[in-house]
Amino acid sequence: MKQVKQIVVVLLLFVATTSFVNAQSKVAHIDVTQLLSAMPEMKAAEAELKKLQETYNADIQASMTELRNKFTQYQNEAGAKSKEENDKRAVELQGFEKNIGEAQQAAQQEFQKKQAELFAPISEKAKTAIEKVAAAQGFDYVIDAQAGGGLIVAKGKDLLADVKKQLGF
């Protein structure tokens, strides 16, 4: 009787395992970063961001040059000025330096805001195209194949070419 129970349990486990294997979902992969970098919209957004970054850098560099020039001027004139005047100038330079730091922070925040504003619609367009291609080809899951993205084996179908085709490039 014990052997019959063991055989029944083994058969049930075998049937369950076989059913699970047969019910596996179809999985595909795509390197989303590669897709995004190939999109013309992304190239235009990156060019716009580069131009914005260069503008911010030029403004900050101009302020830094002005600070260095004032520092040199005040240092050269320090001997001819009173201690009170030199202390006042030191406070002025510290305030100017603080303002530059705040401007750098504000520029970084504006840059990140602009980056998010430009990249969001591009990412959404890519996601929509991936979803359409995956649905059309019957894939249940699409995994990002980027290195370090958690994918160990990428033997499934790569959807990059099909998604690019869906996007028209």
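The values are calculated or read from the model by the stated rules, or taken from the named source; none is laboratory data. Because the structure is a prediction, the values reported are computed rather than measured. Reconstructed Cβ throughout: ideal geometry from the backbone, glycine too, with neighbour counts over all protein chains shown. Heavy atoms of the whole protein, side chains included, go into the accessibility calculation; ligands, DNA and RNA do not. Shrake-Rupley method; radii C 1.70, N 1.55, O 1.52, S 1.80 Å.
Values as computed for the structure displayed
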{"quantity": "Leu49 under 30 Å from Leu160 (Cα atoms), aliphatic (A, V, I, L, M) and surrounded by 13 or more Cβ atoms within 10 Å (Cβ to Cβ)", "calculated": "yes"}
{"quantity": "Sole residue being modelled with pLDDT under 95, loosely packed, with under 14 Cβ neighbours inside 10 Å, closer than 26 Å to Gln166 by Cβ and acidic (Asp, Glu), chosen from Asp144, Asp140, Asp87", "calculated": "Asp140"}
{"quantity": "Condition met for Ala134 (assigned to a helix (DSSP H, G or I), among the small types (Gly, Ala, Ser), touching a residue at least 40 places away in the same chain (Cβ under 8 Å) and surrounded by 10 or more Cβ atoms within 10 Å (Cβ to Cβ))", "calculated": "yes"}
{"quantity": "The range 20-43, subset open to solvent by 60 Å² or more (accessible area, probe 1.4 Å) and of a type in the set (A, V, I, L, M, F, W, C), residue nearest to Gly138 (Cα to Cα)", "calculated": "Val27"}
{"quantity": "Subset of the range 30-65 (residues that are over 30 Å from Gly168 (Cβ atoms) and without any contact (Cβ under 8 Å) to a residue 12 or more places away in the chain)", "calculated": "Glu54, Thr55, Asn57, Ala58, Gln61, Ala62, Thr65"}
{"quantity": "Scan of the range 110-127 for residues that are free of Cβ contacts under 8 Å to residues at least 24 places away in the same chain and over 16 Å from Pro40 (Cβ atoms), ordered by number", "calculated": "Gln112, Lys113, Ala116, Glu117, Ala120, Lys127"}
{"quantity": "Only listed residue being modelled with pLDDT under 90, among the basic types (Lys, Arg) and on the phi < 0 side of the Ramachandran plot, chosen from Lys114, Lys155", "calculated": "Lys155"}
{"quantity": "Test: Lys43 is part of a helix (DSSP H, G or I) and at pLDDT 95 or above", "calculated": "no"}
{"quantity": "Of the criteria (1) open to solvent by less than 70 Å² (accessible area, probe 1.4 Å); (2) over 30 Å from Leu35 (Cα atoms); (3) in contact with a helix residue (DSSP H, G or I) (Cβ under 9 Å, 6 or more places away or on another chain); (4) not β-branched (Val, Ile, Thr), which one Lys114 fails", "calculated": "(2)"}
{"quantity": "Some residue of the range 149-163 being under 24 Å from Glu41 (Cβ atoms) and out of contact with any helix residue (DSSP H, G or I) (no Cβ under 9 Å at 6 or more places or on another chain)", "calculated": "yes"}
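Condition check ((1) farther than 27 Å from Asp144 by Cα; (2) not basic (Lys, Arg)) across all residues:
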position: Val27; (1), (2): no, yes
position: Ala47; (1), (2): no, yes
position: Lys51; (1), (2): yes, no
position: Glu54; (1), (2): yes, yes
position: Ile60; (1), (2): yes, yes
position: Lys83; (1), (2): yes, no
position: Ala106; (1), (2): yes, yes
position: Lys125; (1), (2): no, no
